[in-house]
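Structure first, commentary second.
The values are calculated or read from the model by the stated rules, or taken from the named source; none is laboratory data. Quick caveat: nothing in here was measured; it's all calculated off a predicted structure. Cβ: placed from backbone, ideal geometry, glycine included. Neighbour counts: every protein chain shown. These accessible areas exclude ligands, DNA and RNA; they are computed on the full protein's heavy atoms, side chains included. Shrake-Rupley method; radii C 1.70, N 1.55, O 1.52, S 1.80 Å.
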Amino acid sequence: MPAIFHALLPVILMVSCGYLAGKLRWVSDQGLKDISKLVFNLLGPALLFRTLSKVQLAELDLSPVMMYHVLTLLWFTAWVMIYGLTQHGCMRALGGTYSNAVMIGIPMVSLAYGTQGLVYILTLVSVHALIILTYATLLFEIASAREAGRMPGTQVQSLRTTVLKAAKAAVLHPVSLPAFLGLMFSLTGFELPELIDKPLDWLGRSFSPLALIMVGIQLHQVLGRGKLGQTKTDGSEPAVIWREVFQIVALKNVFHPLLILTGGYLLGLPPLPMTVMMLTACMPVGANSYLFASRYKVREAEVSVSLSLSVVFALVSVPAMLALQHAVTG
């Protein structure tokens with residue numbers, strides 16, 4: 001238990017530094033977008049490729065990752081059924097399902113549990129986007145086609161085209177592709193030459209602090225600039241429905257981790273992989289949720305506010321969930 005509290009302190013400090021940078025306007029809106037591209041298209045792939053290229057697949061236990069994704073897909077599907085197979089329903093369900101495993105999860109696990117814990121979360125992250133985002137895209141497109149089909153003269157995209165587009169986008173994702181290539185390289189039995197390994201190491205080490213600073217800057221943009229509940233001037237976006245915001249945060253920060261904890265306990269997972277899986281489920285609403293909201297123009301305000309509140313609430317929910325795991329598993 002002390003390890004996670006020691007890990008939370010630098011995380012809070014880095015996010016606070018980002019918030020201060022946003023408050024002092026050291027980074028412009030365009031600058032934040034540029035940093036985001038740098039983090040996700042260069043630093044993150046370097047970390048993923050280098051770490052997973054050193055993994056011995058024969059010794060890797062994939063059962064925790066499989067459990068996580070099976071339960072998460074069932075969780076997502078259940079809430080889509082509850083909310084309804086509409087773009088709105090899919091958006092609410094995705095917000096309560098998709099974790100911010102990259103920007104916050106990887107740094108936290110790395111600081112708290114070192115290389116062993118990092119291997120588990122990077123293995124999970126390597127297929128996270130591929131599985132969850134492909135499935136989410138499929139459901140969104142089906143919901144979009146159903147809604148468009150009710151409008152006369154609208155051409156509906158075929159299910160086959162939808163699936164192929166979703167799979168292509170997920171495979172070429174800046175998380176999935178370098179992780180897959182890293183695992184494939186590990187199968188060769190070769191080691192990266194120092195000339196390549198050292199720069200990748202430097203780039204990977206830069207990922208965690210910069211990602212956490214980005215979270216702080218984004219937090220300030222929503223909380224510090226009066227964007228909380230802000231509507232567009234043309235009136236095209238409705239005001240925030242707070243009931244939906246709190247539901248998304250509760251699903252993501254509390255009930256999703258409880259589901260993973262229950263599954264891990266019933267399967268008898270070892271302590272470290274079980275902790276990493278549950279910690280990943282504890283992570284705030286993932287940034288990809290907002291990308292979906294923007295892409296499909298659905299409930300952008302709710303998702304934006306949920307992202308920020310979920311980060312704040314995680315400061316309480318993460319230690320609470322880990323304490324619960326400690327009490328349950330001994």
| task | Could you please find all residues in region 54-92 being in contact (Cβ under 8 Å) with a residue 12 or more places away in the chain, under 29 Å from Leu192 (Cβ atoms) and open to solvent by 20 Å² or more (accessible area, probe 1.4 Å)? | result | Lys54, Gln56, Leu57, Leu60, Asp61, Leu62, Ser63
| said: I need a count of the residues in region 93-107 that are in a helix (DSSP H, G or I) and either within 23 Å of Gln247 (Cβ to Cβ) or open to solvent by less than 10 Å² (accessible area, probe 1.4 Å) (or both). | reply: 9
| said: Against the condition farther than 23 Å from Arg243 by Cα and either in contact with a Ser or Thr (Cβ under 8 Å, 6 or more places away or on another chain) or aromatic (Phe, Trp, Tyr) (or both), how does Met283 come out, does it pass? | reply: no
| query | From the list Leu219, Leu223, which one is touching a helix residue (DSSP H, G or I) at 6+ places or on another chain (Cβ under 9 Å), at pLDDT below 75 and crowded, with 20+ Cβ neighbours inside 10 Å? | reply | Leu219
| message | Just the residues that are assigned to a helix (DSSP H, G or I), open to solvent by 10 Å² or more (accessible area, probe 1.4 Å) and more than 23 Å from Leu219 (Cβ to Cβ), please, taken from region 275-303. | response | Thr275, Tyr296
| task | Report, by residue number, each residue of region 315-325 that is among the aliphatic types (A, V, I, L, M) and open to solvent by 10 Å² or more (accessible area, probe 1.4 Å). | result | Leu315, Val316, Ala320, Met321, Ala323, Leu324
